[in-house]
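Here's the structure we're looking at; comments come further down.
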């Protein structure tokens, strides 16, 4: 069976997903919305389409009837694209809005880990800048990681070198609103030093499969 797939996103992650989908004999056509210039190099199976908001995605799917929608970025997941497509009977690869909070809401994710005894760095969530700064100054651990709780295009985490820098980060996020509403809540977290490894798992809600571990060097080169 040859399937038509709609892939949402425009970054290198979506380019990689499209590259892999092209290799499948089960996939006949891949539409990427909105895509990027490099995706055109993947061959005739791939075509970009200019749809960017959730309602337009649903409308396009009802008209073009893809057999699968693959969601790359976090933003449409947070906006409930999987929920809306699933209501129309359209299959999706990606979590619904409630499950996506693990990625889109850092304070939710930290509280979830605490409730379920999943090891995580010590932390506190704050809406008040003065309370957050007092915590940074008085904590009995290095409370030097300051995070905007919401989605901030990968820029919402500040690993401070000292207490003053951490307090400045709190003011930037909570007072000056440098990340807009994504910074309505900040997570002040313990600084853990050592190698960072990411291990991703895919699940259908019952079964799961882990992928190979990978490493992200956030401070390399241009930081």
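Read-outs: derived from the displayed coordinates by stated rules, not from any lab. Quick caveat, the model's predicted, so the values are computed rather than measured. Glycine also receives a Cβ, built like all others from the backbone with ideal geometry; neighbour counts cover every protein chain displayed.
As a proxy for reagent exposure, ranking 13, 79 by other Cβ atoms within 10 Å from fewest up yields 13, 79. In degrees, nearest 10, range 0 to 90: what is the angle between the Cα axis of helix 106-115 and the longest Cα principal axis of the chain? Rounded to the nearest ten degrees, it is 80.
Compared with the dominant principal axis of the Cα atoms in the chain, helix 12-22 is inclined by about 30°.
In terms of overall dimensions, the range 3-102 has a Cα radius of gyration and Dmax of 12.5, 36 angstrom. Taking each DSSP H run with n ≥ 4 as -39500 (n - 2.57) and averaging over every residue of the chain yields -9000 deg cm²/dmol at 222 nm. In plain terms, the residue of 12, 107 with the fewest other Cβ atoms within 10 Å comes first and the most crowded comes last, giving 12, 107. Taking every C-alpha pair closer than 8 Å and separated by at least 6 residues, the mean separation divided by the residue count of the range 83-223 gives a relative contact order of 21 percent. When only alpha carbons of the range 113-223 are considered, Rg and Dmax amount to 15.6, 46 Å. Values of log10 I(q)/I(0) for the chain across q = 0.08, 0.15 Å⁻¹ run -0.36, -1.07, by the Debye formula with one identical scatterer at each alpha carbon and no solvent.
What angle, in degrees between 0 and 90 and rounded to the nearest 10, separates the Cα long axis of helix 129-138 from the longest principal axis of the Cα atoms of the chain? Between helix and principal axis, roughly 60 degrees.
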